[in-house]
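Nothing in this text is a laboratory measurement; each read-out follows from the coordinates by a stated rule. Here the structure is a predicted model, which means the values were calculated and not measured. Positions of Cβ are backbone-derived with ideal geometry, glycine not excepted, and every protein chain shown enters the neighbour counts.
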Amino acid sequence: MGRVSSFGQHLYSGQVSFDFVGRRKLWYSISVVIIVLCAVAFVVRGFNMGIEFKGGVEFTAQVQKASSQAVDDMTQAVEDAGVPEAGDPIVNTSGSDTVRIQTRALTQDQATQIEQSLTKAGASEVSQNLIGPSWGKQVATKALTGLIVFVVLVILFIWAYFREWKMSVAAVVALAHDLLITAGVYAWSGFEVTPATVTGLLTILGYSLYDTVVVFDKVRENTKGIQRSSTRTYAERANLAVNQTLVRSINTSITALLPVAALLIVGAAVLGTGPLKDLALALFVGMAAGTYSSICIATPLSTQLVERDPAIKAHTKRVMKKREESGGVVTDDPEPLAVAPARPVGVSKAAKRNQPTRTTRSRRPKGKA
Amino acid sequence: MAAPPSRRNLPRPRRTLIIFLVGMAAVYALLAVLGVTGKGEHDDGQSVWKPRLGLDLQGGTRITLEAKATSGDVTPDKLKQARSIIDQRVNATGVTEAEVSTQGGNQVIIEIPGQKKGNIVDQVGRTAQLRFRLLWASAQSAQQPIAAEEKTKQEAIVDKVDWSKLSLDQLLAAETQGTQSLPKEYAEGVAALQELAKGFVCDKKSLPTDDVSKKPLVTCDTKTGEVFVLSPTVIEGTDVKSAAAVVPQNQVSWVVSLQLKGEGKKTFDKVTDALFKQEQAGSDQTSRFAIVLDGEVLSAPTTNGHFTDGSSQISGNFTATTARDLANQLKYGALPLTFGVNGVSVEGPTLAGTQLDAGLYAGAVGLVLVVIYLLLYYRGLGLVAIGSLIAAAGLTYAMVLLLGQGLGFTLTLPGIAGLIVAIGITADSFIVFFERLRDEVRDGKSLRLAVESGWERARGTILAADAVSIMAALILYIFAIGVVRGFAFALGLSTLIDVVVVFLFTKPLVSLLARTKFFGQGHKLSGLDAKHLGISGRKVDQIGRGTAPAARPATEGGTV
């Protein structure tokens, strides 16, 4: 881990720097390709909508062992129940000792009839879930309303906090990016889309933004008073911010993904189906995409937008010109920070602030602290 | 901002930490008191130390009824009214411990823990029928209920008779001149009705559930205990145009004014004509009619006027509330809204148990993985993070218990998932802080200074990020449906707790630890040693002189 830490130090100082901002075209292209793939999935494969969106009845039968024999037994039991509306049920195993049976919409009496038939066929316990046809639609409508409200609030919040609408735009683009990718993974994998999935998607909104806010906060800190600097462009400072928060981003992603992964695995292995798995899969994909987008989409995009500002444009030009005059660094150097002159040009506030402290402390006899 | 902690500031971290620990102890003490006295608002005999589990984790029935858009504007008032009526009906079916609540502005949720009762849905959800019937006979509530066998027998006799052939005049005559005025073939049916009335005990449980319009009905008024034999329906509730609770001019008591329309208006004209004559003739008893709702007699007024235009007033010993209730019931039928079944889920206890285990298991695994990672990466500081996670977990558990007692908050599977997801968000706050702290050390500050200035910067980031998280949780809570709300609630709750723990626990703890030798001088295992941080040429308890070339570029450009 020691090496990882000094890696963090190098990232922080700029000795090691990944050019997230400069190579934005590469990152954009990667994302565009992924999103196009997702779009293809939407069209070609579509979504595997769960029973909640179609309406119907889902029975969960506890059996001795969830084998194909049990599936056959349960299918037979549904047919024996004497409810013609429940023909062609979808029956599959779920976990080690449950069988899941889905039928079309039934009345409560019919559902009870089937439940009795299942119990007769050897199910030790039957749970049933009768879902009205409007339920899923309602969930989707509400989720959409929530999404719109959230996006509006996000734009306002970021604009208020960072005083920069361009960051709002970039954050929202990153959000859309994460949602599309998550939806795409659902389409490709054929996992069932349930209300829990929708919850997961809405949670991603919060998480993706959370990540972006942390990175943007550092960008703002680094680019404050950028106009006074004659050695660094806005883009370079923004890129440094991404690099400086890279270790945090990685650590946060890992600590966030670990519990979600546990949910996903337990949800899939122990329960087979159900809200845990649906929620966890959406979260897992969305969180991973969220980390990527806050680094490779949000910051480069906000930088790109900020750079269109005439003042910043002029400043960048000034810095570049000066750099050329000094005969040192060329503009497209991927790691300009590492080679840049070590001495600061202006006296920064930070330096001023620290000055008296340093003198006093260093004169102190050792070992007192 | 980055001023060195002055002497005045020195005792602060310890004080903050003590405040936090005392606060936490107080919360647990409060719970203990609640446990001893059993004064929790939602006390259900369960141990106060066990979280209240949702139906998906303990098994039970959950019925979701949704108001249909066709039933007019769904106002909070109407929904509240519907809720209380449905609540009464659920109780009337003999189900105990059911909880009926409204949700999402147009839904009524019935939750019955531990029982499989999906079959009550049709009984409780239907919009009840309001009917006007003539009063053929009345009696006092019986002491002994009629034997079930006898009841079935008599009911069969009543059912055999075709009552729908009777004309309004015949129905009226049966009241004004007695049931013997009916054609002979009805005699047996009437006798059976009288038998049923004789053995009718007037309470909520025995009210008839099969209120059929074209058949006579034996029922009672549970307010007075009077048992009635009622004629087939003469006016349907759908003929009620309006009803209102009013105090008429020059009077002091409340009455319910009733306005009928269509066929009902004409019938009412005829009915009141006949019945009012009885009243004038001095026979109050044969001038009554009954307003029946859902098989129960709401009111059985005498007729003291001939109403030709369909409007009338029902007087009695009304208070403002009872008059308004009756008016509402007349207007809307029993339920002010028509409900459709949105979902019925019946969860068996085994499945529920598996889900609970899986949720707890996933949470434990997730927590352990995060702990291992934090220890490996942050070493000594990782211990601080783990301590903070434990503090957050302790506080969350207490809040779940307390909210369960106070607000009836139940822990559902999505709720547990929310808490697990929140582990990551909570850990992130520490990571942001620790990374800032290390950055400050790299910038050339001594550790003790770095803690303060790193905190100053991390604080803003943590607050902004948590604000976003809480905003997301709130929106999810407002726009989510059903159990998904539990997820949003858990997420919001843990984010708030995260803020509390970071401010009142983690930060002061790190401040205190920075003074110790182990952390303050950067012991190899503290996670703060110079090598681990990748700085060279000094120890972390010293101030850098800017000799490390790395420290320079970062300070340039003005960081505030």
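Overview of values
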quantity: Stretch gain in nm, segment A:ASP88-A:ALA176, where the contour uses 0.36 nm per residue and the Cα spacing is subtracted; calculated: 27.8 nm
quantity: Residues A:ALA311 and B:GLU456, FRET efficiency given R0 of 30 Å [Cβ-Cβ distance, rounded to 0.05]; calculated: 0.55
quantity: Dipole-positive endmost among B:PHE430, A:VAL219, B:ASN317 within the protein assembly as shown (Cβ charges, Cα centre); calculated: A:VAL219
quantity: Filter on B:LYS151/B:LYS204; B:LYS68/B:LYS223; A:LYS54/B:LYS68; B:LYS153/B:LYS198 - keep pairs with C-alpha separation over 21 Å; calculated: B:LYS68/B:LYS223
quantity: Antiparallel content of DSSP bridges confined to chain B, in %, to 5; calculated: 100 percent
quantity: DSSP-defined beta bridges in the protein assembly as shown - what % are antiparallel, rounded to 5; calculated: 95 percent
quantity: Cα gyration tensor shape of the stretch B:348-532, rounded if a/c is under 1.5, else prolate or oblate by comparing a/b with b/c; calculated: prolate
quantity: Sorted peptide list for B:459-472, B:295-308, criterion being average Cβ within 10 angstrom, highest first; calculated: B:459-472, B:295-308
quantity: Pairwise centroid distance, computed over Cα atoms, of the stretch A:84-133 with the stretch A:300-327, Å; calculated: 66 Å
quantity: Förster-model FRET efficiency, 25 Å R0, A:LYS321 and A:LYS224, C-beta, rounded to 0.05; calculated: 0.65
quantity: Trypsin sites (Lys or Arg not before Pro) within the stretch A:17-93, DSSP loop, no more than 11 other Cβ atoms inside 10 Å; calculated: A:LYS65
quantity: Loop sites in the stretch B:315-389: chymotrypsin sites (Phe, Trp or Tyr not before Pro), DSSP, at most 13 other Cβ within 10 Å; calculated: none
quantity: Between 0 and 90°, nearest 10: helix B:447-479 axis offset from chain B longest Cα axis; calculated: 20 degrees
quantity: Relative contact order [Cα under 8 Å, 6+ residues apart], chain B, whole percent; calculated: 19 percent
quantity: Order by protection proxy (mean Cβ within 10 Å, highest first), peptides A:226-237, B:160-171; calculated: A:226-237, B:160-171
quantity: Degrees between helix B:12-37 axis and first principal axis of chain B (Cα, 0 to 90, nearest 10); calculated: 30 degrees
quantity: Full-extension gain in nm, A:SER68 to A:ASN48, via 0.36 nm per residue minus C-alpha separation; calculated: 4.9 nm
quantity: Average partner coverage of A:240-252, which counts Cβ from other chains inside 10 Å; calculated: 4
quantity: Burial ranking of peptide ranges B:403-413, B:492-502 (average Cβ count within 10 Å, highest at the top); calculated: B:492-502, B:403-413
quantity: Number of partner chain Cβ atoms within 10 Å, mean per residue of B:53-65; calculated: 1
quantity: The stretch A:136-166 versus the stretch B:277-312: alpha-carbon centroid distance in Å; calculated: 59 Å
quantity: Pairwise FRET efficiency - B:ASN304 versus B:LYS223, Cβ, R0 = 22 Å, nearest 0.05; calculated: 0.60
quantity: In order through the stretch A:59-70: 3J(HN,Hα) via Karplus (6.51 cos²θ - 1.76 cosθ + 1.60), integer Hz, x for Gly, Pro; calculated: 9, 10, 9, 7, 10, 4, 9, 7, 10, 5, 4, 4
quantity: Mean-position separation - Cα centroids, the stretch B:508-529 and the stretch A:175-198, in angstrom; calculated: 44 Å
quantity: Number of partner chain Cβ atoms within 10 Å, mean per residue of B:413-426; calculated: 6
quantity: Built amide H within the under 5 Å cut-off of B:LYS241, gap 5+; calculated: B:GLN259, B:LEU260, B:LYS261
quantity: Highest-MSF residue in chain A out of A:GLY22, A:GLY122, A:GLY200 [GNM, Cα springs under 10 Å]; calculated: A:GLY122
quantity: For chain A, diffusion coefficient by Stokes-Einstein and Kirkwood Rh (Cα), 25 °C, 0.890 mPa s, µm²/s; calculated: 101 µm²/s
quantity: Residue with peak Gaussian network fluctuation, chain A [Cα springs, cutoff 10 Å], from A:ASP278, A:ASP109, A:ASP97; calculated: A:ASP109
quantity: Leading residue at positive end of dipole, the protein assembly as shown (Cβ point charges), from A:THR199, B:LEU509, B:ALA243; calculated: B:LEU509
quantity: With Cα atoms, 0 to 90° folded angle of helix B:320-332 axis to chain B main axis; calculated: 80 degrees
quantity: Amide H partners (placed H, <5 Å) of A:THR98, local residues excluded; calculated: A:VAL63, A:ALA66
